Amino acid sequence: MVTALSLGLPADLEGWLYGSGLEIVLYILGGMLTARFISYVGSRITARIDSNYQHSDALVRTEAAKHRHALAQVITWVAVTLVYVLVTIEVLRRFGFAASGLVAPAAVLGAALGFGAQRVVQDILAGFFIITERQYGFGDVVQIAVTGSAEDAEGTVEDVTLRVTRVRSVDGEVITVPNGQIVKVINLSKDWARAVVDVPIPSSADLNRVNEILRSVGREAFEDPQIRPLLLDEPTVMGVESIEVDVVNVRLVARTLPGKQFHVGRDLRVRVAAALRPEGISVSPDLSTAGVAPESASSDRGDER
């Protein structure tokens with residue numbers, strides 16, 4: 001068997017290779033395998049959470065399931081980071097750097113990083129409060145106002161970590177937002193939502209008759225077995241919302257399951273247009289683009305997904 005000494009290496013180097021060198025390799029391999037195992041377990045947990053939802057009769061995810069999914073992702077990320085940090089410390093010790101001797105350099109490095117990595121620390125702290133306060137979770141439909149951006153990040157939350165939030169827009173784009181740059185979040189799928197349909201009616205039309213037709217549309221929608229599971233109560237006619245030169249906007253409101261306000265709003269607009277046409281009431285062309293204003297328990301919007 002050929003040894004390191006037979007290759008002309010010094011005896012002390014041979015001893016280091018068979019001692020500390022071998023331990024370094026084992027630590028690195030062990031750290032990589034442990035990190036892979038933690039990631040595998042984390043992915044299995046999140047997959048099971050998703051599977052429980054997909055194989056259940058629930059139409060929407062529960063708030064507890066959203067929180068568990070986000071929490072599993074955060075714990076996995078923290079555990080993997082901790083493994084890499086511990087492995088790095090042990091490897092440095094094998095190279096002759098004592099842990100006590102690293103205190104002073106670490107303090108200097110920490111001070112330097114404190115000025116250069118303030119945003120990273122801010123992102124992690126903001127992510128911590130997002131998770132603990134359950135502001136939103138995996139699968140929520142959100143609108144996020146970002147510092148320095150004129151446009152909000154809108155879409156479905158696909159990933160929440162301590163540092164970033166990833167949102168997929170309706171166009172399929174993945175938007176990554178650092179948690180520390182989030183100014184305001186509108187959660188459109190928490191607890192319940194509201195579909196608001198503004199029906200533009202000519203000012204010459206009989207508004208009393210229009211209100212009767214819209215109430216009838218609401219009753220029929222509430223009794224329809226296809227749309228009924230998405231509604232929390234019967235759609236309500238709120239009356240005249242605004243008056244313009246030739247158009248009067250009459251508002252129809254429906255409280256829905258979280259995230260289902262867009263589907264319900266589209267269905268109601270089809271029913272409204274079909275119900276008004278036989279009555280000879282012409283609907284403004286704006287109805288085709290009239291907004292369905294999704295509203296959670298504390299939000300109100302006028303655009304549609």
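The values are calculated or read from the model by the stated rules, or taken from the named source; none is laboratory data. In this text the structure is predicted, and so the values were computed from the model without any measurement. With ideal geometry, Cβ positions are generated from the backbone for all residues, glycine too; neighbour counts draw on all protein chains shown.
Name the strands (runs of 3 or more DSSP E) wholly within the stretch 183-292 that hold at least 2 residues that are closer than 27 Å to V167 by Cβ and either among the hydrophobic types (A, V, I, L, M, F, W, C) or modelled with pLDDT of 85 or more (or both)?
Numbers: elements: 193-202, 236-243, 247-256.
Because the criterion is at least 2 residues that are closer than 27 Å to V167 by Cβ and either among the hydrophobic types (A, V, I, L, M, F, W, C) or modelled with pLDDT of 85 or more (or both), the strands (runs of 3 or more DSSP E) in the stretch 183-292 that meet it are 193-202, 247-256.
I201 - would you say it is under 30 Å from V250 (Cα atoms), of a type outside the set (F, W, Y) and in contact with a helix residue (DSSP H, G or I) (Cβ under 6 Å, 6 or more places away or on another chain)? Even if it seems obvious, please write down each step before you answer.
Numbers: under 30 Å from V250 (Cα atoms): yes; of a type outside the set (F, W, Y): yes; in contact with a helix residue (DSSP H, G or I) (Cβ under 6 Å, 6 or more places away or on another chain): yes.
Judged against the criteria, I201 is a match.
Quick test of your reading of the structure: G180 fulfils all but one of (1) assigned to a helix (DSSP H, G or I); (2) more than 30 Å from V120 (Cα to Cα). Name the failing condition by number.
Status for G180: all satisfied but (2).
Every residue, every condition in (1) at pLDDT 60 or above; (2) under 23 Å from the mean Cα position of the chain (by Cα); (3) surrounded by 12 or more Cβ atoms within 10 Å (Cβ to Cβ), yes or no:
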site: T3; (1), (2), (3): no, no, no
site: L22; (1), (2), (3): yes, no, yes
site: Y27; (1), (2), (3): yes, no, yes
site: A35; (1), (2), (3): yes, no, yes
site: S39; (1), (2), (3): yes, yes, yes
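Quick one: is T156 within 30 Å of T81 (Cα to Cα), assigned to a strand (DSSP E or B), hydroxyl-bearing (S, T, Y) and modelled with pLDDT under 90? Before the answer, list the steps.
Values: within 30 Å of T81 (Cα to Cα): yes; assigned to a strand (DSSP E or B): yes; hydroxyl-bearing (S, T, Y): yes; modelled with pLDDT under 90: yes.
Here the answer is yes, as T156 does meet what is asked.
Spot the failing condition for I182; the list is (1) farther than 20 Å from D140 by Cβ; (2) of a type in the set (V, I, T); (3) assigned by TED's automatic domain parsing to the domain that holds Y136, and only one is missed.
(1)
Based on what the data block shows, is R166 part of a loop (DSSP other than H, G, I, E, B) and of a type in the set (K, R)? Break it down stepwise before answering.
On the way: part of a loop (DSSP other than H, G, I, E, B): no; of a type in the set (K, R): yes.
Criteria not met by R166.
Given I175, I144, which one is crowded, with 21+ Cβ neighbours inside 10 Å and farther than 30 Å from D246 by Cα? I'd like the intermediate steps shown before the answer.
On the way: I175 fails: crowded, with 21+ Cβ neighbours inside 10 Å.
Matching residue, one of I175, I144: I144.
Can you find even one residue in the stretch 164-182 that is over 23 Å from A72 (Cα atoms), of a type in the set (V, I, T) and at pLDDT below 90?
Yes.
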